[in-house]
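Just so it is clear, none of the values below were taken in a lab; they were calculated from the coordinates. For clarity, every value in this text was computed on a predicted model and none was experimentally measured. In this analysis, Cβ positions are derived from the backbone assuming ideal geometry, glycine residues included, and neighbour counts consider all displayed protein chains.
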Amino acid sequence: MLKKILIANRGEIAVRIIRACKLMNIKTVAIFTVVDSQSLHVKLADEAYCIGSGSVNETYLNIDKIIKIAKKAKCDAIHPGYGFLSENSEFARKVIKSKIVFIGPSPEVIDLLGDKVKARSIASKVGIPVVPGSKGYVETLEEAKTVAEKIGYPIIIKAAFGGGGKGMEIVNSPETLEISLLGAQSVAENFFGNKSVFIEKYIESPRHIEIQFIGDSYGNVIHLGDRECSIQRSHQKLIEEAPSFLTEQERNELGEKVCKMAKELGYVNAGTAEFLYKDGQIYFNEVNPRIQVEHPVTEMVTGIDLVVEQIRVAGGLKLSYVQDEIKINGSAIEFRINAEDPKTFLPKSGKIEQLIAPSIYHVRFDTFVFSSYNVSNEYDSLLGKLIVWGKTRNDAIERARLAFKELTISGITTNIDFHKTILETKEFQERIVSTDFIEKASIKEKIEENEEIKVAALYAFYEKIGAIKRVKTETISEKQRRILNLWKQRSKLEQTRNI
């Protein structure tokens, strides 16, 4: 069994991995930059090493520096978490070459799944439907025209070795095909070092579902149900839940196909197969060969610690469970709490004056920050994840309402109001969502309206208690003025009732 693990990451996932290691009595080593020196993962680890300052390439993406620290600390394994080097096959190879265990799939599997064209081919081989599109890479305008004419517009051009929404171009007509092709190839080369692209039929307003799976080195693979991650902005997930809207039969059939695909690959460790859903059809999208940000919702409905299982199978042990033992119990929802403007989604930095996490049964708040912590804008804006569980989805929503009443993060702008607004929409409550839900449901406008109401309410309150004699109406908007008048009328009515 593994005895000492270096976590090649930061933030909440580093804390999450450290806690799993502590459960298993495994020593932990953290790495951190100068900016991250006060992070919770540094405080919780048994040892912590500073990797300096500067760009991400010089720190959290510096393969040689990280492996050097792992050797110095006498670690027998490295956990990459998510993001950063988690899908970097070169990193996995160098770790293994250094006689250190890489907690993730093999470099060969990472390479294969990193090529979206090859991944599509494998999915199709095991009976998973793929979106109609090119069979291979598209290099020339003539090839692009041929594919587009065959499958029909709109189409989407994707970077074959890409991810995170980069290198994607939606094309609605032949007139913009050439410039879109060149643009996608350019972005692909700049971001991923390979200009190869492929074409798919563009699925408008789909839902995003995914299957969590894990395999061991003895050929065993199980799936742990599904998740829905349709609420996104700029291809980045914001709210995830388990299980999805699929029926139990649909979930199990899809899970079986994913397990078949994983066995075909010789996949060891945790992974997630992502799909698009539209009009009753499920289409393969990609496989992420790592732990996902949203893994806690699966843990909440299965009772299985995914990170512990990752470490077990990486250490050469068999999976703790067989497929028949996996049961989905209740409903779980995760809300990503980001340091960002809820209307523009622009990242924010600053000092957290106060942080109060909810203390409610079946609620967890995974974070790395605390009161007085200085949030930098050097990295992603994720502060933490609020995860709730209920016997039913409605129970989970109600528990989320209670949790948001307790969750306090002051001193810095967050997207908490964004999530609270979504919770109260009819679409979310009735599960009528898609990947363009935020735009369709006018969430930004609803947030602005709620802010208007709050301001008007404060004016009405202060006027009522005599803190101000007269509201200067020129300082408030027309909408606030109308709301204020309604408050005044309601107040007079209440006074009349009390006579």
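Neighbours of V197 by Cβ distance under 9 Å: Lys/Arg scored +1, Asp/Glu scored -1, total 0.
Between helix 116-125 and the chain, what is the angle of the helix's C-alpha long axis to the longest principal axis, kept within 0 to 90° and rounded to the nearest 10? Tilt relative to the chain: about 80 degrees. Charge dipole of the chain (Cα centre as origin; +1 on each Lys and Arg Cβ, -1 on each Asp and Glu Cβ, all else neutral): 1500 debye, rounded to the nearest 20. Taking amide H positions as modeled 1.01 Å from N, with prolines and chain starts lacking one, the residues under 5 Å from D366 and 5 or more places away or on another chain are K385, I387. P(r) tail for region 4-103, what percent of Cα pairs lie past 24 Å? Tail fraction, whole percent: 10. Placing +1 on the Cβ of every Lys and Arg and -1 on the Cβ of every Asp and Glu, with nothing else charged, gives region 1-64 a dipole about its Cα centre of roughly 380 debye.
Under a straight-distance cross-link criterion of Cα-Cα below 16 Å, which lysines are reachable from K391, leaving out those fewer than 8 residues away in the same chain? Result set, ordered by chain and number: K327. Potential lengthening of the chain between F245 and K118 amounts to 42.8 nm, from the contour at 0.36 nm per residue minus the alpha-carbon distance. Once backbone amide H atoms are built at 1.01 Å from N, S106 has V268 as its partners under 5 Å, excluding neighbours fewer than 5 places away on the same chain. For the chain, the spread of Cα coordinates along the three principal axes comes to 81, 59, 48 Å, biggest extent given first. As an equivalent ellipsoid, region 82-233 spans semi-axes of 30, 19, 14 angstrom, where each value is the square root of five times an eigenvalue of the C-alpha gyration tensor, largest first. Here region 379-419 is scanned for amide nitrogen atoms under 14 Å from the site 7 Å beyond the Cα of N329 along Cα-to-Cβ, giving 389-392. A crude spin-label estimate for the pair E264 and F191, with each label 7 Å from Cα along the Cβ direction, gives 2.7 nm. What is the helix-to-structure angle for 248-265, meaning the angle in degrees between its Cα long axis and the longest Cα principal axis of the chain, kept from 0 to 90 and rounded to the nearest 10? The angle comes out near 40 degrees. Distances between placed amide hydrogens fall under 5 Å for N285 paired with E274, F275, L276, all partners being 5 or more residues away or on another chain.
Evaluate the relative contact order of the chain (contact order divided by residue number), counting alpha-carbon pairs under 8 angstrom at least 6 apart; express in whole percent.
Relative contact order here is 12 percent.
Extending 7 Å from Cα along the Cβ direction at Y137 and again at K440 yields two label points whose distance is 3.6 nm. Between region 171-209 and region 47-114, the C-alpha centres lie 30 angstrom from each other. Relative to the current alpha-carbon distance between K150 and E406, full extension at 0.36 nm per residue lengthens the span by 86.7 nm. Placing +1 on the Cβ of every Lys and Arg and -1 on the Cβ of every Asp and Glu, with no other charges, gives region 207-444 a dipole of roughly 360 debye about its Cα centre.
I need the fraction of alpha carbon pairs in region 185-270 separated by more than 15 Å, rounded to a whole percent. Value for region 185-270 (Cα pairs over 15 Å): 69 percent. A dipole drawn for the chain from +1 and -1 charges on Cβ atoms has a positive end, and of G225, V369, L383 the residue lying farthest that way is V369.
Within the chain, the longest run free of trypsin sites (Lys or Arg not before Pro) that sit in a DSSP loop with at most 14 other Cβ atoms within 10 Å is 136-317.
The phi torsions of region 187-196, fed into the Karplus equation with coefficients 6.51, -1.76 and 1.60 and a -60° offset, translate into couplings of 5, 4, 5, 5, 8, 10, x, 8, 8, 4 Hz, rounded to whole numbers, with Gly and Pro shown as x. For the chain, the longest principal axis of the C-alpha atoms and the axis of helix 393-406 are separated by about 60°.
Charge tally for K391 (other residues, Cβ to Cβ under 15 Å; Lys, Arg +1; Asp, Glu -1): 0. Taking θ as phi - 60° and the Karplus parameters 6.51, -1.76 and 1.60, the scalar couplings of region 33-45 work out to 9, 4, 4, 8, 4, 9, 4, 4, 5, 5, 6, 7, 5 Hz in sequence order, x denoting glycine and proline. Sequence-ordered 3J(HN,Hα) estimates for region 157-171 from the Karplus curve with 6.51, -1.76 and 1.60 and θ = phi - 60° stand at 9, 10, 5, 5, 10, x, x, x, x, 7, x, 10, 9, 8, 10 Hz, glycine and proline given as x.
Classify region 312-449 as rounded, prolate or oblate, taking a ≥ b ≥ c as the square roots of the eigenvalues of its Cα gyration tensor: rounded when a/c is under 1.5, otherwise prolate if a/b is larger than b/c and oblate if not. Verdict is oblate for region 312-449.
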